[in-house]
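The structure appears right after this line, and notes come after that.
The values are calculated or read from the model by the stated rules, or taken from the named source; none is laboratory data. Only a predicted model underlies this, so the values are computations on that prediction, with no experimental measurement involved. Note that we place each Cβ from the backbone using ideal geometry, even for glycine, and neighbour counts take in every protein chain shown. Please note that ligands, DNA and RNA were not included when accessible areas were found on the heavy atoms of the full protein model with its side chains. Shrake-Rupley method; radii C 1.70, N 1.55, O 1.52, S 1.80 Å.
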Amino acid sequence: MSTSKKKGILEAATRSFGTFGYKATTMSQIAKQANVGKGTIYTFFKNKEELFDEIIDNLILDMKSVAENAICDSDSFITQVHKGIETITEFQKEHNLTIKLLQEQREIGTVEVHDAIKRINNVIIQYLKRKIEEANNRNEIVQCDAEITAVVLYRLYTTLTIEWSRDHEPLDKQRITELFNFYILNGLSK
């Protein structure tokens with residue numbers, strides 16, 4: 001079987017998951033959108049879960065690529081963190097698949113979607129952890145537990161960009177940067 005058919009199936013499945021969500025997407029819908037027989041899908045993927053896993057793998061690769069392209073090695077640690085998290089967050093907010101998956105997780109709580117989002121978040125945290133370790137090794141920042149710091153940085157950023165806007169006027173990028181710097185760089189102590 002050709003790789004172009006597999007690519008077409010992956011594209012159709014990504015559209016379907018992004019439109020209908022994981023739970024409501026069927027292999028028949030994907031086959032129809034990909035313009036292939038349902039059996040053709042099973043020559044590449046043994047089930048919907050395996051197909052979904054590959055789509056999530058590709059999504060993660062795309063997010064990593066976007067983040068790496070936004071960062072310059074010459075940037076300071078805090079600039080790298082801002083650019084990396086901002087780019088990933090924007091990617092997620094603009095990508096139909098991540099929007100639908102987050103909605104499905106909130107409204108339905110589908111196990112596969114929960115696991116996929118957890119996997120995506122873990123990759124982001126591991127990416128930040130690596131950046132923190134590099135900054136630690138260069139003595140650019142105070143020595144810290146890289147994994148805990150990665151979680152705090154990511155959660156703070158997503159709180160300021162996503163959670164806050166659910167009940168309040170969204171913050172602009174400059175205000176998010178100011179708050180991020182205030183809480184992380186300056187702290188609350190006098």
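Worth a mention:
- A value for mean projected area of the Cα convex hull in nm² was derived from the coordinates, and within the list [x] 12.9; [y] 10.9; [z] 13.5 it appears as [x].
- For the chain, the solvent-accessible area works out to 57 Å² per residue, with a probe of 1.4 Å and every protein chain left in place.
- FRET efficiency estimate (nearest 0.05) - Cβ-Cβ, residue 111 to residue 183, R0 30 angstrom: 0.35
- In the structure shown, the pairs 48/129; 5/64; 46/131; 5/129; 5/48; 48/83 are assessed against 27 Å; a Cα-Cα span above that value is assigned to 48/129; 46/131; 5/129; 48/83.
- Structural descriptor for the stretch 61-190: relative contact order 18 percent, calculated from alpha carbon pairs under 8 angstrom and at least 6 residues apart.
- Each residue, residue 40 and residue 76, gets one label point 7 Å from its Cα in the Cβ direction; the gap between the two is 5.4 nm.
- Full extension of the chain between residue 156 and residue 61 yields a length gain of 31.9 nm, computed as 0.36 nm times the residue separation minus the alpha carbon distance.
- Helix 146-158 axis, angle to the chain major axis (alpha carbon atoms, nearest 10°): 80 degrees
- Extension gain for the segment residue 119 to residue 144, taken as residue separation times 0.36 nm less the Cα-Cα distance, is 6.6 nm to one decimal.
- Prolate/oblate/rounded label for the stretch 111-190 (Cα gyration tensor, a/c 1.5): oblate
- Global size of the stretch 34-102 as Cα Rg and Dmax, reported in angstrom: 16.4, 52
- Relative to the longest principal axis of the Cα atoms of the chain, the long axis of helix 111-137 makes an angle of roughly 40 degrees.
- Seen against the Cα atoms of the chain and their longest principal axis, helix 77-94 is set at about 30 degrees.
- Dipole orientation for the stretch 29-170: of the candidates 154, 35, 127, 35 has the Cα lying most toward the positive pole (charges on Cβ; Lys, Arg +1; Asp, Glu -1).
- Cβ charges +1 (Lys, Arg) and -1 (Asp, Glu), total dipole of the chain, debye: 620 debye
- Restricting the trypsin sites (Lys or Arg not before Pro) of the stretch 14-71 to loop positions (DSSP other than H, G, I, E, B) with no more than 14 neighbouring Cβ atoms within 10 Å leaves 46.
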